[in-house]
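The structure appears right after this line, and notes come after that.
The values are calculated or read from the model by the stated rules, or taken from the named source; none is laboratory data. Predicted model only: the values in this text are computed from it and were never measured. We place every Cβ from the backbone using ideal geometry, glycine too, and count neighbours over all the protein chains shown. Heads up: the accessible areas ignore ligands, DNA and RNA and are worked out on the full protein's heavy atoms, side chains in. Shrake-Rupley method; radii C 1.70, N 1.55, O 1.52, S 1.80 Å.
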Amino acid sequence: MQELADCGLETKEFFVLAEVEASPYPAQIATALLLPKASVTVYIRNLVGKGFLRREIDNADLRRHRLVLTTEGVQARDRALAALAAEYDRRLARLTLQDAVELQRLLTTMLAVPASDRLDE
């Protein structure tokens with residue numbers, strides 16, 4: 001996608017960058033994104049090289065490094081998210097009102113937590 005390239009990101013790098021705040025450790029990112037750890041390592045190396053991420057020693061476990069977004073990383077992530085949202089809006093505008101309502105219903109159904117997965121039951 002050209003908009004991501006304009007932000008200095010490849011597609012999978014964008015997903016890694018977008019996941020860092022929720023999952024600050026490379027293994028967590030690999031698990032969250034269902035990517036091989038070796039691939040995540042390459043993406044992280046690229047993002048560090050571009051100045052979008054930095055590694056910091058984890059004070060809770062000095063053997064581990066946690067990933068932190070730099071100011072440039074936050075800006076690139078936010079620009080990429082805005083570009084993706086604009087593209088989504090352009091594509092959504094192609095739908096009729098009835099189709100848009102149906103899409104919303106389907107997405108809501110997909111995101112709902114099944115009763116069998118709820119902890120309170």
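Key figures for this structure:
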read-out: Test: residue in segment 16-24 that is free of Cβ contacts under 8 Å to residues at least 24 places away in the same chain, on the phi > 0 side of the Ramachandran plot and in a loop (DSSP other than H, G, I, E, B); value: no
read-out: Answer from GLU3, GLU13 - the residue that is buried (at least 16 other Cβ atoms within 10 Å of the Cβ) and either charged (D, E, K, R) or not in a helix (DSSP H, G or I) (or both); value: GLU13
read-out: Pick from segment 63-106, criterion farther than 25 Å from GLU13 by Cβ and outside any helix (DSSP H, G or I), ranking: farthest from the chain's Cα centre (by Cα); value: THR96
read-out: Residue in segment 69-121 that is modelled with the lowest pLDDT, counting only those that are acidic (Asp, Glu) and open to solvent by less than 90 Å² (accessible area, probe 1.4 Å); value: GLU87
read-out: Among the residues listed as ALA22, ALA60, ALA38, the single one being surrounded by fewer than 16 Cβ atoms within 10 Å (Cβ to Cβ), under 12 Å from the mean Cα position of the chain (by Cα) and of a type outside the set (Asp, Glu); value: ALA22
